[in-house]
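A short worksheet on the structure shown next.
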Amino acid sequence: MNIQDILEHLPHRYPFLLVDRVVAIEPGKFIHAYKNVTINEPHFVGHFSHYPVMPGVLIMEALAQAAGILSFKTLEAKPDPHSLFYFVGIDECRFKKPVMPGDQLHLHVEMQRQMRGVGKFKAEARVDGQIVAEAMLMCAKRDI
């Protein structure tokens, strides 16, 4: 999926869209996407100005956005003005290495289960093949 396809499957927009491309996806099973980390992202101004590191919460958000795309593709749906997929839980979250400008953050998400609008996902973020963060994520579709 290119950026136009991603924009159709996520309600996020700049500066909070954290998925640049989907490399592979199998609805109901997994997604492999990536985010190009660049120095011109607004959070690097203050995190940290002398040693820029991508905030861990944004790594988790990038994984959750990939999970959102997987959920929409699994449900054969797209975002609508009446509902959202909310990020509702993180378990077993671990950060292994810092993510820096110039890195390509690969997002690997496996769907563990989807019931009554709630999905549970095993998620890993990798740079150069090494795990930099991992967690179990939960996302829920809710009417707004």
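When +1 charges are put on Lys and Arg Cβ atoms and -1 charges on Asp and Glu Cβ atoms, the dipole computed for the chain relative to its Cα centre reaches about 260 debye.
Charged neighbours of Val22, selected by a Cβ distance under 14 Å, balance to 0 (K, R count +1; D, E count -1).
Residues whose amide H lies under 5 Å from that of Lys97, counting only those 5 or more places away or on a different chain, are absent; hydrogens are built 1.01 Å from N in the peptide plane. Taking all Cα pairs closer than 8 Å and separated by 6 or more residues, the relative contact order of region 3-143 comes to 27 percent. The GNM of the chain, with springs linking C-alpha atoms under 10 angstrom apart, assigns the highest mean-square fluctuation among Ile69, Ile31, Ile39 to Ile39. The amide H of Asp103, built 1.01 Å from its N in the peptide plane, has Val37 as neighbours under 5 Å, considering only residues 5 or more places off or on other chains. Mind checking which of Ala125, Ala62, Ala77 has the largest fluctuation in a GNM of the chain, springs on alpha carbons under 10 Å? Evaluated over the chain, the most mobile residue of the options is Ala77.
Length gained on full extension, Ile39 to Leu7: 9.3 nm, using 0.36 nm per residue less the C-alpha separation.
When only the Cβ of Lys, Arg, Asp and Glu is charged (+1, +1, -1, -1), the dipole of region 41-100 relative to its Cα centre reaches about 220 debye.
Could you work out [θ]222 nm for the chain from helices alone, using -39500 (n - 2.57) per DSSP H run of at least four and dividing by all its residues? Round to the nearest 500 deg cm²/dmol.
Values: 2 runs with 26 residues, N = 144.
The helix contribution divided over the chain gives -5500 deg cm²/dmol.
Readers should treat all values here as calculations from the given coordinates under stated rules, not as data from a laboratory. These numbers come from a predicted model, not from an experiment. As a convention, Cβ positions derive from the backbone with ideal geometry for all residues, glycine included, and neighbour counts pool all protein chains shown.
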